[in-house]
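Note sheet for the following structure.
Values in this text are rule-based calculations from the coordinates and carry no lab data. Just so you know, these numbers come straight off a predicted model, no measurement behind them. Positions of Cβ are backbone-derived with ideal geometry, glycine not excepted, and every protein chain shown enters the neighbour counts.
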Amino acid sequence: MGMRFKISRRQNPRRLHSGLVLLAAVGLSLVICALLLEQQGKPSLRGLMLLFQGAFGSGWALQDSLIKAVPIFLCSLGVAIAFRLQIWNIGAEGQYALGALGASWVALHFPDLPWFVLQPAMLVAATVCGGLWGLLPAVLKLRMRANEIIITLMLNYIAIFLLDYLVYGPWKDPSSFGFPMTRMFSQNAVVAKIGAGDLHWGILLCLVIGMLVWIFLGFTRLGYEIRACGENVQAARYARMPYAALVLLVMAASGALAGWAGFLEASASLNRLEPSIMAGYGYTAIVVAWLARLNPLFIGLAAFLLAGLRVGVEQLQLELQIPASFGQIMEGLILMTVLGGSFFVTYQIRLLKKE
Amino acid sequence: MKKLAVCLVSLMILSAGLAMAASQDFQVGFVYVSPVGNAGWSWAHDQGRLAVAKMPGVKTAYVEAVAEGQDAERVILNMARKGYNLIFTTSYGYMDPTLKVARKFPHTVFMHCSGFKTAKNMGNYFGRMYQARYLTGMVAGAMTKSRIIGYVAAFPIPEVIRGINAFTLGVQRMNPAAQVRVVWTKTWYDPATEKEAAKSLLDVGADVLTQHQDSPAVQEAAQEKGVYSIGYNSDMSKFAPQAHLVAAVWHWGPFYREMVTQVRRGTWKPKAYWYGLKKGIVDISPMAKTVPAAVQQKVMAVRQAISDGKLKIFAGPLSDQAGKVRLTAGQALTDKQLLGMTWFVKGVVGSTQ
Amino acid sequence: MDDLIFIVAITLKSSPAVLLASLGELISERGGILNLGVEGMMLVGALAGFVTARQSASLALGLCGAMAAAGLLALLHAFLCVHLRADQVISGLAVTILGTGLSSFLGRPFIGQTGLHFSSIGGTWIDGLPLIGPLLAQQNLFGLLCLAAVPALMYLLGRTWLGLYIRAAGQDPAAADAAGVPVAAIRYGCTLFGGCMAGLAGAYLSLAYTPGWKEGMTGGQGWIAIAMVIFATWHPLRALLGALLFGLLNALQFYFQATGIELIPAYILHMLPYLLTVGVLVLVTVLEKPVLGSVPGALGKPFSREE
């Protein structure tokens, strides 16, 4: 039984080709989802239409999806910077929690500062807390050679318990009837809405930082070094690139960005800190970063699409009584098919004729 | 720019109006905090929804597993935009999101469960579950031999604390020397954790268990150990056929139907609806055969007395855990005091932290 | 004394799910495949186990069903990671997302149904045994049998050619391949084994510990299992230690409340497994003692002969 297939890495993956593979992958997962709906006796085509409508089909839907995309986008941007260097930061969830903690601490202790002082101060606190939470595994990795996947995963739990401890204990609002939540932030601590709609100014922050990261990664020396080190650490070290400094930099930046997401979520969406702030954005961020191939512009798009999926599923529940878990199935399936499909983008399979 | 905004806003209003006109049915929406499941809090509300759905000319829908906070606001907002006439939001954390949306949609009626805020078009409602708890406490007090009763509870919030206190007072009515031991799980729903909590209570000698949790794990623990259990939310006897004595249950159906009727007739008022045994919003399930007839009769007599308003549960003399007198004879706790209850009555072992 | 017996008994009873799942993950990682899908596979296993046992009226078939369903998900992960050389972190997350979604979507009709379950072995001659009698009486056969997996896997990893192959595939696949080890097959096998064990772990919950199907009933135990593998530094005996520690912390947390003596605050108890895992991981790399076992060299890295 000789080898009948030859698998080799494509020299220059073509745009069109990878686009087609992506389409095929998403199509395949949609077909599976449709079959699942049929099996449950629900109209599959109408279901998928409703999902789309609920996510992107009206001005409101678009706006809701955009709002939902903000924290996912920021976390994902952070994750992508670390992934570029092949540092597997799956701790965005914890860094997000710490960011929210930092911002809330400022908001609760200095409620009377004017907004143009208070909000930047909250942002700084979120940056510092999230950044430090990201630096910790980086230091452990460099000093102790501890695996960052595991450390960041563990730190997620520790961060969540820390948050729980504070909102159930010292930070609990005395007038909340014992429910675990802090006092409402003062109006000065709440990031304002844009005009009459529900979008808040955080979206502008996303646009700006997205552009900056895009420029940083693509057009600066440091950005180039991050990518070079990520592709081949040995060669990069040989070229005297400061690997250790880069690891610290990307993890601090990664944590800070996730921290920003925590700040915006606490300030603009909840107006306080409560356990429900932990909605798994940190994990979704990994999915998004990967789907977007670590490209900041695509991350914006992917974050928007996944946020839309979550928003759209609510429509399915309302109209067809399809449970919320359907969204998870779709997310998992899309991820798997795209993951499988990427093989056909990076590799070439040739059928070898039997001699 | 300004023109564009005006255009957009008027378009929004127009389409909202169209959506409302499009459906002739009276639409009622429900928002649940957890999956509907089999026996818990959201399940009880969904039973109520099903009762509403049977009314002619009424359409219902629900969204489950909606996180408190921003997700809740979006879901409620969506229902309002779609022209739902009446929206029930069934978790404490939905209070502020409901209020925010209510201010934007003055023609939709919002009802929030378990909170305290109202607006022109938003009322709140709850049931006096503590009345049913008192009755189940009587059953527990009559059945315990070890004089230790275990209570697995989720979070130290007034609703839960009130239930524990009423239960304990019920226990003491039948068995003054008995104590109620409380273990907090800090989760509404986690079968494995609830079971471990139940077991720790069995270990300290509890021979009747009850719960303020959404899964039947506590009942199962009692069944396995061969002791008694008392259910909550719904009749849980199918999970623990031998152990289950009685359950404190919710019957949201009649109340929800009443609200729908009032809103349709235009007689609805934005106030706090806090109904009890009398209206049937809370009750106890049929008692097991193992409960002696004399005890059953006594419980049913007290049930009638509470229902008639002859018996007030939180009436003096009443002292707290530390023995400090909180209420002298002749006094009774007001609704406001009940809603903010954060202390345990005498006879409860455990902390309110 | 009674208290001690109680704590030990509850520890023993609440740890098998984490033990099974972490043993499975341990073998998978020893073979070089990181599988973050444990939580999803456990949920699918819990549902499949409960449903199969109920429909077939056989607990044994229930266990088979749990293994088959979770194993299928694991095979998907293996296919993506081994043949399609996909990123293992992403693929594992996909398995967890998919498994969680599928189990709660397909499990709807079975919520609240009652079915078969393993009952405790008490009520027989076992009660009369001195000392361990009351301890064993509360256990069930399934939970006790899990313990047997520990020496079995120790033997497999340490004393057999298969164990050598597995370690080689996870440590240095290129060298192993050169020496004639079928790396791809070994990795498939290890991942499949990990999936089956996760399925059994789920079935322990739905057929023995809290019988019945409840949405999200694993409550994060899959993630704890992954942490425990690190805590155990990839050694089965220490995985047992880790699982027992997890069970003990759980038992203590409520024991303190029920008895009214709180020696350690609950939040610290909750955090302890994770803090300990970080501590152990750092210690292992600082000490660099081979006795402690070590990170499989090629963990998480795809292998192909051509490159």
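Global size of the range C:2-292: 19.2, 62 Å for Rg and Dmax (C-alpha atoms, Rg to one decimal, Dmax whole). All C-alpha pair distances within the range B:308-353, sorted into 5 Å bins from zero, spread as 6, 19, 27, 27, 14, 4, 1, 0 percent across the bins. In this calculation the C-beta distance from A:THR220 to B:TRP274 is compared with R0 = 51 Å, giving a FRET efficiency of 0.20.
Cross-link pairs exceeding 26 Å between alpha carbons, from the set B:LYS104/C:LYS214; A:LYS172/B:LYS336; B:LYS186/B:LYS279: B:LYS104/C:LYS214; B:LYS186/B:LYS279. 3J(HN,Hα) along the range A:222-239: 4, x, 5, 5, 4, 5, 4, 4, x, 6, 7, 4, 4, 4, 5, 4, 4, 7 Hz, from the Karplus curve 6.51 cos²θ - 1.76 cosθ + 1.60 with θ = phi - 60°, whole Hz, x for Gly and Pro. Taking every alpha-carbon pair within chain B, the share separated by more than 28 Å comes to 45 percent. All alpha carbon pair distances within the range B:21-127 were sorted into 10 Å bins beginning at 0; the resulting P(r) in whole percents reads 16, 51, 31, 2.
When only Cα pairs below 8 angstrom with a gap of at least 6 residues are kept, chain C shows a relative contact order of 35 percent.
I want the local charge near A:TRP88. Using Cβ-Cβ distances under 12 Å, sum +1 for each Lys or Arg and -1 for each Asp or Glu among the other residues.
Combined, the nearby Lys, Arg, Asp and Glu give +1.
Of A:ARG272, A:ARG183, the sequence from fewest to most neighbouring Cβ atoms within 10 angstrom is A:ARG183, A:ARG272. Reported to the nearest whole Å, the Cα centre-to-centre distance from the range C:1-38 to the range A:197-272 is 37. Taking every C-alpha pair closer than 8 Å and separated by at least 6 residues, the mean separation divided by the residue count of chain A gives a relative contact order of 37 percent. For B:LYS120, a cut-off of 15 angstrom between C-alpha atoms picks up these aspartates and glutamates, skipping any fewer than 8 places away in its own chain: B:ASP96. Shape summary: the range A:26-72 maps onto an equivalent ellipsoid whose semi-axes, from the alpha-carbon gyration tensor, are 25, 12, 8 Å in decreasing order. Please list, or write none, the lysines whose alpha carbon is within less than 27 Å of the alpha carbon of C:LYS301, excluding same-chain residues fewer than 8 places away. Of all the lysines, those that pass the test against C:LYS301 - Cα under 27 Å, at least 8 places apart if same chain - are A:LYS6, A:LYS141, C:LYS289.
Dipole check for the range C:37-189: with +1 at the C-beta of Lys and Arg, -1 at the C-beta of Asp and Glu, and the Cα centre as origin, the magnitude is about 160 Debye. Amide H to amide H, with H built 1.01 Å from N, A:LEU199 comes under 5 Å of A:ILE194, counting only residues 5 or more places away or on other chains.
Any chance you could tell me what percent of the C-alpha pair distances in the protein assembly as shown go past 58 Å?
When every Cα pair of the protein assembly as shown is considered, 10 percent fall beyond 58 Å.
Think of the protein assembly as shown as having a plus end and a minus end, set by charges on the Cβ of Lys, Arg, Asp and Glu; of A:PRO114, C:GLY195, C:VAL18, A:PRO114 sits farthest toward the positive end of this dipole.
For the range B:240-291, which trypsin sites (Lys or Arg not before Pro) are both in a DSSP coil and crowded by at most 10 other Cβ atoms within 10 Å?
Values: sites: B:ARG257, B:ARG264, B:ARG265, B:LYS271, B:LYS278, B:LYS279, B:LYS289; in loops: B:LYS271, B:LYS289.
Taking the range B:240-291 and a limit of 10 other Cβ atoms within 10 Å, the loop trypsin sites (Lys or Arg not before Pro) found are B:LYS271, B:LYS289.
Dipole size of the range A:282-355 about its Cα centre, with +1 on Lys/Arg Cβ and -1 on Asp/Glu Cβ: approximately 460 debye, rounded to the nearest 20.
A:PHE298 sits among other residues whose Cβ lies under 15 Å from its own Cβ, and their net charge, with Lys and Arg +1 and Asp and Glu -1, is +3. Size estimate for the range A:74-185 follows the Kirkwood approach: the inverse of mean 1/r over distinct Cα pairs works out to 15.1 Å. The Cα center of the range C:115-172 and the Cα center of the range A:82-135 differ in position by 46 Å.
Considering only A:ALA100, A:TRP171, A:ILE87, and ranking their Cα positions along the charge dipole of chain A that arises from unit charges at the beta-carbon of Lys, Arg, Asp and Glu, the one farthest toward the positive end is A:ILE87.
Annotation: amide H of B:TYR273 within the under-5 Å range of B:ASN124, B:TYR125, B:PHE126, sequence separation 5 or more or interchain, hydrogens built in the peptide plane.
Annotation for the range B:183-273: GluC sites (Glu not before Pro) lying in DSSP loop with at most 14 further Cβ atoms inside 10 Å of their Cβ do not exist.
Stokes-Einstein, applied to the Kirkwood radius of the range A:68-293 over Cα pairs at a viscosity of 1.002 mPa s and 20 °C, places its translational diffusion at 121 µm² s⁻¹. Distance between the modelled labels on C:ILE261 and A:ILE349, one decimal in nanometres: 6.5 nm (7 Å Cα→Cβ projection). About the centre of its Cα atoms, the protein assembly as shown shows a dipole size close to 1560 debye [charges on the beta carbon of Lys, Arg (+1) and Asp, Glu (-1) only; nearest 20 debye]. Using the Cβ-Cβ distance between A:PHE298 and A:PHE110 with R0 = 41 Å, the FRET efficiency computed as 1/(1 + (r/R0)^6) comes to roughly 0.60. Taken one residue at a time, the phi angles of the range B:205-214 give Karplus couplings (6.51, -1.76, 1.60, θ = phi - 60°) of x, 5, 10, 9, 10, 9, 8, 10, 9, 9 Hz. Gly and Pro are set to x.
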